[in-house]
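The structure under discussion appears below in the form of structure tokens.
The values are calculated or read from the model by the stated rules, or taken from the named source; none is laboratory data. Fair warning: this is a prediction, and the values are worked out from it, not measured in the lab. Don't worry about glycine lacking a Cβ; one is built from the backbone with ideal geometry, like all the others, and counts go over all protein chains shown. These area figures cover heavy atoms from the full protein model, side chains too; ligands, DNA and RNA do not enter into them. Shrake-Rupley method; radii C 1.70, N 1.55, O 1.52, S 1.80 Å.
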Amino acid sequence: MSEHIRRLNRELKFKGKIIDFYQDTMEIDGDHTVIWDFIKHKGAAAVVPVTDDGRILMVRQYRNALDRYTLEIPAGALDAEDEPGLNCAARELEEETGYRSDDLEWLITLRTTVAFCNERIEVYVAKNLIPSRQHLDEDEFIDLKAYSLDDLKEKIFSGEIEDAKTVASLMAYAVKYGK
């Protein structure tokens with residue numbers, strides 16, 4: 001196991017809307033160097049919206065990276081790296097579902113792909129949902145539907161739901177709330 005790892009250089013290769021791509025030159029144990037990819041992400045927040053009857057609101061949307069529709073919990077990028085996750089989660093809840101809540105509770109913090117990306121997602125549970133209206137971004141096309149937790153677990157184990165933040169968040173919700 002390498003005991004001494006030191007970054008010698010970080011070079012920006014691409015600056016994107018959501019991510020920045022770097023190549024890092026790393027020194028290992030003082031005797032050789034390697035190049036590692038690094039993707040910088042400003043962070044995100046997600047929310048498990050729970051209706052009064054215990055169902056969970058899910059969004060179905062097209063994901064270009066997979067070239068298909070996915071079923072996910074509502075989520076989105078922070079407006080700035082220092083934006084509190086709670087604020088982002090509240091905003092995304094209303095934007096994507098058309099509901100808001102004054103009852104958001106932290107559930108879990110996720111690091112999605114630690115091998116090459118620093119993305120951090122703060123996940124919250126929203127209860128006591130208050131009807132509002134959707135405020136979708138110009139590139140968002142979302143279908144909204146409520147599911148029981150048992151139905152969602154079945155969709156996870158059948159492979160229908162593969163999104164990591166959604167799987168981790170729903171299973172954490174199930175464990176924490178004993179469902």
Identify all residues within segment 117-142 that are of a type in the set (Asp, Glu) and in contact (Cβ under 8 Å) with a residue 12 or more places away in the chain; write none if there are none. 119, 122, 137, 140
Residue 78 fails exactly one of the following numbered conditions: (1) in contact with a Cys (Cβ under 9 Å, 6 or more places away or on another chain); (2) in contact (Cβ under 8 Å) with a residue 40 or more places away in the chain. What is the number of that condition? (2)
Just to be sure before I move on: is residue 19 without any contact (Cβ under 8 Å) to a residue 60 or more places away in the chain and farther than 30 Å from residue 146 by Cα in the structure I sent? no
Hey, any hits in segment 131-141 for a residue that's crowded, with 18+ Cβ neighbours inside 10 Å and either under 13 Å from the mean Cα position of the chain (by Cα) or closer than 29 Å to residue 19 by Cβ (or both)? no
crowded, with 18+ Cβ neighbours inside 10 Å and not charged (D, E, K, R): does that describe residue 39? no
Specify the residue that is most open to solvent (accessible area, probe 1.4 Å); the eligible residues are those in segment 1-36 that are of a type outside the set (D, E, K, R) and not in a strand (DSSP E or B). 1
Residue list for segment 98-113, restricted to those being surrounded by 17 or more Cβ atoms within 10 Å (Cβ to Cβ) and modelled with pLDDT of 95 or more: 99, 100, 101, 104, 107, 108, 110
Of the listed residues (155, 145), the one being loosely packed, with under 15 Cβ neighbours inside 10 Å, more than 30 Å from residue 25 (Cβ to Cβ) and in contact (Cβ under 8 Å) with a residue 40 or more places away in the chain is 145
Take the residues of segment 114-130 that are surrounded by 18 or more Cβ atoms within 10 Å (Cβ to Cβ) and among the charged types (D, E, K, R): which is nearest to residue 83 (Cα to Cα)? 122
Residues in segment 42-91 that are open to solvent by 70 Å² or more (accessible area, probe 1.4 Å), touching a strand residue (DSSP E or B) at 6+ places or on another chain (Cβ under 7 Å) and among the hydrophobic types (A, V, I, L, M, F, W, C) total 1
